[in-house]
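First up is the structure itself, then whatever we jot down about it.
The values are calculated or read from the model by the stated rules, or taken from the named source; none is laboratory data. Here the structure is a predicted model, which means the values were calculated and not measured. Glycine gets a Cβ as well: all are built from the backbone with ideal geometry, and neighbour counts include every protein chain shown. For accessibility, only protein heavy atoms count, side chains too; no ligands or nucleic acids. Shrake-Rupley method; radii C 1.70, N 1.55, O 1.52, S 1.80 Å.
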Amino acid sequence: MDGKFFKWWARVALAVVPALILAGSTLHAIDSNNRYFAYGVGQRTCEDYLKFREKRLETLEQQHPRYTKDELYEIVDRIVEHWIAGFLTAHNLYVSDTYDIAGKSSMDDVKNRLEKGCRANPKQYFAEAMIAVVQQLNPQRVKTGGK
């Protein structure tokens, strides 16, 4: 694999999302116009996420012909998973009563919820879909102090 390509995607995947907010809390890192800045995958639309889930990676295939479709899918899948994990980790860190927002949900469950939300609103940003999933997960979260 091309080292520059992988390093670039890794930086995107590992971007911390401290400005994103994290539903289920009274803490909101948005401005007075209900805006916030999303990094990495969060800047993409749900439509882009749906293309990825359907393994429609034509643009990447054209830009990186040395990789097979399966290799590209695997790279993008890891990037998306790491972005989701970073978002969930930031939520756990910044929401005072939450130890683990995902609770017993697996990464596959979170991705399936994202896909369902994105199908309902493909024009929204991926970060907005993630916020909606966090709101769905909130009732089943593991609270701090083992509650």
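A single member of 67, 39, 94 is buried (at least 18 other Cβ atoms within 10 Å of the Cβ) and under 18 Å from the mean Cα position of the chain (by Cα), and it is 39. Of all residues in the range 42-51, exactly one satisfies the criterion of being modelled with pLDDT under 90 and buried (at least 16 other Cβ atoms within 10 Å of the Cβ), namely 42. Checked against the criteria, residue 4 counts as of a type in the set (D, E, K, R), open to solvent by 80 Å² or more (accessible area, probe 1.4 Å) and modelled with pLDDT under 85.
Taking the criterion of being touching a residue at least 60 places away in the same chain (Cβ under 8 Å), touching a Ser or Thr at 6+ places or on another chain (Cβ under 7 Å) and farther than 20 Å from residue 48 by Cα, the only residue of the range 102-147 that qualifies is 141.
Condition first: on the phi > 0 side of the Ramachandran plot and surrounded by 16 or more Cβ atoms within 10 Å (Cβ to Cβ). Can you find one or more residues in the range 105-126 that meet it?
Checked against the condition, which is being on the phi > 0 side of the Ramachandran plot and surrounded by 16 or more Cβ atoms within 10 Å (Cβ to Cβ), the range 105-126 yields no hits at all.
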